[in-house]
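To start, the structure itself, in structure tokens.
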Amino acid sequence: MDDIIAHLKESIADEILSKSEKKTLKDLVAEHPLSGDQLNFLRSKIYELANERVTEKNYRFIVEWIKNANSALLHKPLDKSDAFFSPGEACRNTIIHQINQSISRLRICVFTISDDIITNAILTAHQRKVEIKIITDNDKSLDMGSDIEMLGKKGITIRMDTTSDHMHHKFMVVDERTLLTGSYNWTQSAARYNHENILLTSEAGVVKSFLHEFDNLWKKMEPYP
């Protein structure tokens with residue numbers, strides 16, 4: 001484990017993860033088979049190292065480094081897409097995992113947020129200086145249990161649809177590289193009772209389209225409060 005961590009530190013320090021460095025990392029992992037807990041620890045270490053070194057100038061390198069470092073640990077490229085379903089914890093856990101792994105930017109565009117577990121993950125990311133923008137629906141922000149007011153008071157930038165129609169999207173873009181979307185509302189009921197779905201994808205064209213939609217909505221929506 002120490003050798004693997006040392007190699008990760010070297011590869012990010014010079015801001016180059018060459019083919020030879022990726023091969024060395026794969027060889028180290030092959031020589032020392034990892035348990036599930038060890039793999040999770042190393043993946044957390046990757047994001048910790050990335051957070052320590054990310055700047056506005058090297059942001060794109062850091063995102064690419066994360067992808068390649070994770071790929072080397074897994075001995076295969078990361079899957080482009082995956083799907084998750086509720087009731088159950090799969091959808092909520094996927095949302096939280098993506099928020100926890102964010103480095104620089106979260107673009108959240110959701111109908112409602114009332115699940116305190118997800119809200120706490122958002123606040124933790126905010127404390128890590130991840131830039132967070134949230135678009136949501138004004139009517140749902142008034143529901144009992146809505147966390148929108150609290151998120152705004154904590155300093156997270158929020159914009160809101162104030163028309164008689166609904167802003168009914170449920171998607172999030174993580175670090176301009178990963179999209180999470182689907183029918184799943186960010187509520188406890190969605191995890192406990194509802195039949196819902198989430199699609200997670202890193203397809204560049206799809207991610208770009210959702211970022212474009214977010215930017216368009218951001219210009220139209222009203223600042224909150």
Checked against a 27 Å limit on the C-alpha separation, the offending pairs among LYS23/LYS129; LYS140/LYS220; LYS23/LYS170; LYS9/LYS133 are LYS23/LYS129; LYS23/LYS170; LYS9/LYS133
In Å, the Kirkwood estimate of hydrodynamic radius for the stretch 95-225 over Cα pairs equals 14.7
As a percent rounded to 5, the proportion of antiparallel DSSP bridges among beta bridges in the chain is 65
Of all C-alpha pairs within the stretch 150-225, those more than 17 angstrom apart amount in percent to 58
Magnitude of the Cβ-charge dipole (Lys and Arg +1, Asp and Glu -1) of the chain about the Cα centre, nearest 20 debye, reported as 380
Taking the chain and counting helices only, DSSP H stretches of n ≥ 4 at -39,500 (n - 2.57) each over all residues, the nearest-500 ellipticity at 222 nm comes to -15500 deg cm²/dmol
Between ALA6 and THR163, Cβ-based FRET efficiency (R0 45 Å, step 0.05) works out to 0.25
Expected unfolding gain across ASP27-MET150 under the 0.36 nm per residue rule, minus the alpha-carbon gap, is 39.5 nm
Semi-axes a, b, c in Å (a largest) for the stretch 2-74, each sqrt of 5 times a Cα gyration tensor eigenvalue, come to 20, 13, 9
In nm, the gap between the two label points placed 7 Å beyond Cα toward Cβ at TYR47 and ARG128 is 0.5
Here the equivalent ellipsoid of the chain, derived from its Cα gyration tensor, has semi-axes (largest first, whole Å) of 34, 19, 15
Checked the stretch 13-134 against the a/c 1.5 cut and the a/b vs b/c comparison, axes a ≥ b ≥ c from its Cα gyration tensor; verdict oblate
Contour minus Cα-Cα span, LEU211 to SER71, at 0.36 nm per residue, comes to 47.9 nm
Rounded to 0.05, the calculated FRET efficiency for the beta carbons of TYR193 and ASP14 at R₀ = 45 Å is 0.35
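Computed from the coordinates by the stated procedures, all read-outs in this text should not be read as laboratory data. Quick caveat, the model's predicted, so the values are computed rather than measured. Ideal geometry is used to build each Cβ from the backbone, glycine not excepted, and the neighbour counts take in all protein chains shown.
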